[in-house]
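Below is one structure, written out as structure tokens, with a few remarks after it.
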Amino acid sequence: MAEQLQPDAIAARAWQTAAEFVQVWPELTISWADWYDGPSHLVVGSSTAVLHYAHPDGPTLESNSGEEALTWAQVDQFDPESVFARATWSGNFGGPDEADHLTAKAAVYTTIAGLLRYDPWTARPAKILFATENPIDDPKAVFGLLADFPSLMSTVKWYVSQVSVGLRRAVAGRPLGWHEPLWQIARQGVPIAVFDEAGRVHLPRIASGDDNRADLIELVADDADWVAGGLSFDIVSALDRLGGDTDALVALITPGARRTFGLRRAWNPSDPNKEQVQPRRLGE
């Protein structure tokens with residue numbers, strides 16, 4: 001009997017393999033499809049081939065050769081170091097063009113995949129495009145998150161400007177292509193972080209008693225962009241400080257976990273009256 005998965009379990013499993021594909025083929029993009037009368041699902045692909053992760057039995061590959069139903073084993077057993085696996089997929093995605101370092105987009109996708117290993121985490125687009133007259137009224141849109149994630153404001157403004165440029169070009173007869181670049185990560189329905197595939201991680205207003213979040217602040221202090229108590233940081237820089245350990249970054253993003261790097265720093269930008277203490281560096 002085929003393994004039966006609920007929609008969120010399908011998406012969580014899909015993220016694991018989709019992130020690996022993007023590490024090998026950096027031009028690939030992960031997106032979310034809210035399609036017609038079919039199930040909403042994760043999509044990974046390029047202009048030549050697309051993997052639809054919509055069904056409990058496994059993904060569907062759509063390419064110039066048509067549609068092919070795959071099993072989970074065919075994608076779960078994808079080994080980035082296997083010459084055979086790369087040759088098999090090269091016919092769909094082109095020759096492997098693996099970067100000599102983890103790209104910002106691949107870092108974001110890989111970290112999201114790590115978070116989704118833990119139930120009941122979910123990842124959904126925080127949409128720039130909205131389906132209601134007032135954007136705040138659309139629960140799928142990013143605009144309702146701005147109050148709790150103030151560092152998102154400039155990012156959202158920039159993406160809105162890009163949509164406006166694209167629409168003007170479409171009116172002039174040029175092709176319009178768009179996928180949502182922001183991902184809302186939630187635990188039991190509560191937003192925990194927003195990932196921008198350009199490489200920025202946005203966190204909400206910080207709870208002073210959260211040990212793991214405090215350790216994360218210490219790690220990214222030199223890079224953090226503080227806005228009204230919320231912050232964002234560069235994911236590639238954070239992973240560099242962690243020696244590329246995405247599991248460690250996943251642990252730090254998870255609220256309420258135990259301390260990871262020892263004592264908290266004594267200074268918090270939300271309380272400037274406290275004396276600033278320079279953050280301790282990993283390895284020191």
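We did not get these values from a lab; they are worked out from the coordinates using the rules stated. None of the values given here were measured: they were computed from a predicted structure.
Extension gain, S161 to T48, is 37.9 nm, computed as 0.36 nm per intervening residue step minus the present C-alpha separation. Annotation: amide H-H contacts under 5 Å for A141 (H modelled 1.01 Å from N, sequence separation of 5 or more, or interchain): K127.
For Q188 and L129 in the same chain, what is the full-extension length gain: residue separation times 0.36 nm, less their Cα-Cα distance, in nm? Present the calculation step by step, with values, prior to reporting the outcome.
Numbers: separation 59, 0.36 × 59 = 21.24 nm, distance 2.42 nm.
The span from Q188 to L129 would gain 18.8 nm if fully extended.
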